[in-house]
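The values are calculated or read from the model by the stated rules, or taken from the named source; none is laboratory data. For clarity, every value in this text was computed on a predicted model and none was experimentally measured. Cβ placement follows ideal geometry from the backbone for every residue including glycine, while neighbour counts extend to all protein chains displayed.
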């Protein structure tokens, strides 16, 4: 049995309590943050320990390694990578900017795979919007959804070439939110026509990708009562039907303050909405127990989508000269400072 859950852990190694939880619950995946990262040897030990406990060599280990201000593998052991926004700002030739983003993603995939991390919560497909909260900010590639989609495609394909599955986020679009969903619930009052034309467009262009993460955002034109993560209307009518996303849908972190209610209620809301897998990140064992108690066994269409997501990286990484890649990326940014 595999539970429709991605859990976190509290430190650099799994505690006895965490080991017991993982062994008993059998979560589909594990997500890591800076608190879980010291160096390469430590990370390999951690990812190996998780896979040994669940008995699946391909069990996904996730991280947020976007570049810019969101990268969990950081100096001095890993390079700093440019933010999404910096490519078009720094590199005026549009094709060269896309190629630099592709190269950056391929380097990130190399860094992740060598420590046993096989899923990256990137690219961000949220379209930048004037006056929005800075929580997205430079994490967005552009204020043009066509450009965002082009960058997203380049980045996702480069990651998969490197043996790492991408997660597009935050579906169907967080770029217009005026508050930080880590702290409170954003409400977007744009019309459905505006959302379709601007916010949803990049996701629709990349609807064939393997995994997407939901947005803890209320779209009042679609469902004025519930954020997308727990809205059957948004998941079914917008994500599945209008956007046409056929892959695995993972919730954003259930411990974020945008969501209300108990953790059991949050988890029930996720699955009642039609989301495939619940994500709980902070490593709080009491919360994780409550979430796990409401997670179903991964089966049916959700299992098929999860298997398809992992199938996209069930190959050796394509041949790639890492040092040459680092030199080319440095040259592309040699005259500027990344934002």
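How many residues does region 25-40 contain that are farther than 20 Å from residue 251 by Cα and either in contact with a helix residue (DSSP H, G or I) (Cβ under 8 Å, 6 or more places away or on another chain) or part of a loop (DSSP other than H, G, I, E, B) (or both)? Can you show your working first?
Step one: filter region 25-40 for residues farther than 20 Å from residue 251 by Cα, giving 34-40.
Then keep just the ones that are either in contact with a helix residue (DSSP H, G or I) (Cβ under 8 Å, 6 or more places away or on another chain) or part of a loop (DSSP other than H, G, I, E, B) (or both); that gives 36-39.
Within region 25-40, residues that are farther than 20 Å from residue 251 by Cα and either in contact with a helix residue (DSSP H, G or I) (Cβ under 8 Å, 6 or more places away or on another chain) or part of a loop (DSSP other than H, G, I, E, B) (or both) number 4.
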Selected residue (criterion: surrounded by the fewest Cβ atoms within 10 Å (Cβ to Cβ)) from residues of region 257-269 that are within 23 Å of residue 121 (Cβ to Cβ) and either touching a helix residue (DSSP H, G or I) at 6+ places or on another chain (Cβ under 6 Å) or modelled with pLDDT under 95 (or both): 257
Leading residue by the ranking (nearest to the chain's Cα centre (by Cα)) among those in region 129-166 that are farther than 21 Å from residue 247 by Cα, part of a loop (DSSP other than H, G, I, E, B) and at pLDDT 95 or above: 140
Failed item, numbered, when residue 237 is tested on (1) free of Cβ contacts under 8 Å to residues at least 40 places away in the same chain; (2) more than 15 Å from residue 173 (Cβ to Cβ); (3) not in a loop (DSSP other than H, G, I, E, B): (2)
Test: residue in region 310-320 that is within 17 Å of the chain's Cα centre (by Cα), at pLDDT 95 or above, outside any loop (DSSP other than H, G, I, E, B) and closer than 30 Å to residue 11 by Cα: yes
Among residues of region 271-288, those that are within 23 Å of residue 36 (Cβ to Cβ) and outside any loop (DSSP other than H, G, I, E, B), counted: 7
Flag for residue 38 being surrounded by fewer than 21 Cβ atoms within 10 Å (Cβ to Cβ), modelled with pLDDT of 95 or more and closer than 29 Å to residue 303 by Cα: no
Scan of region 289-309 for residues that are touching a strand residue (DSSP E or B) at 6+ places or on another chain (Cβ under 9 Å), assigned to a loop (DSSP other than H, G, I, E, B) and touching a residue at least 12 places away in the same chain (Cβ under 8 Å), ordered by number: 294, 295, 296, 298
Positions within region 52-95 being within 25 Å of residue 253 (Cα to Cα), out of contact with any strand residue (DSSP E or B) (no Cβ under 8 Å at 6 or more places or on another chain) and not in a loop (DSSP other than H, G, I, E, B), in sequence order: 52, 53, 67, 70
Filter result for the condition that a residue is in contact with a helix residue (DSSP H, G or I) (Cβ under 7 Å, 6 or more places away or on another chain), surrounded by fewer than 21 Cβ atoms within 10 Å (Cβ to Cβ) and farther than 30 Å from residue 13 by Cα, over 192, 98: 98
For residue 245: the one exception among (1) outside any loop (DSSP other than H, G, I, E, B); (2) more than 28 Å from residue 34 (Cα to Cα); (3) touching a helix residue (DSSP H, G or I) at 6+ places or on another chain (Cβ under 6 Å): (1)
Any hit, region 167-175, residues being assigned to a helix (DSSP H, G or I) and either surrounded by 24 or more Cβ atoms within 10 Å (Cβ to Cβ) or over 16 Å from the mean Cα position of the chain (by Cα) (or both): no
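Could you please let me know if residue 285 is surrounded by 15 or more Cβ atoms within 10 Å (Cβ to Cβ) and under 27 Å from residue 11 (Cα atoms)?
yes
Quick check on region 220-229. Is at least one of its residues under 18 Å from residue 124 (Cα atoms), part of a helix (DSSP H, G or I) and in contact with a strand residue (DSSP E or B) (Cβ under 8 Å, 6 or more places away or on another chain)?
There is at least one residue in region 220-229 that is under 18 Å from residue 124 (Cα atoms), part of a helix (DSSP H, G or I) and in contact with a strand residue (DSSP E or B) (Cβ under 8 Å, 6 or more places away or on another chain).
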Selection count, region 309-324, where residues are surrounded by 12 or more Cβ atoms within 10 Å (Cβ to Cβ) and over 24 Å from residue 277 (Cα atoms): 4
Positions within region 41-59 being touching a helix residue (DSSP H, G or I) at 6+ places or on another chain (Cβ under 7 Å) and surrounded by fewer than 15 Cβ atoms within 10 Å (Cβ to Cβ), in sequence order: 57, 58
Residue tally, condition surrounded by 21 or more Cβ atoms within 10 Å (Cβ to Cβ), in contact (Cβ under 8 Å) with a residue 40 or more places away in the chain and not in a loop (DSSP other than H, G, I, E, B), over region 4-24: 5
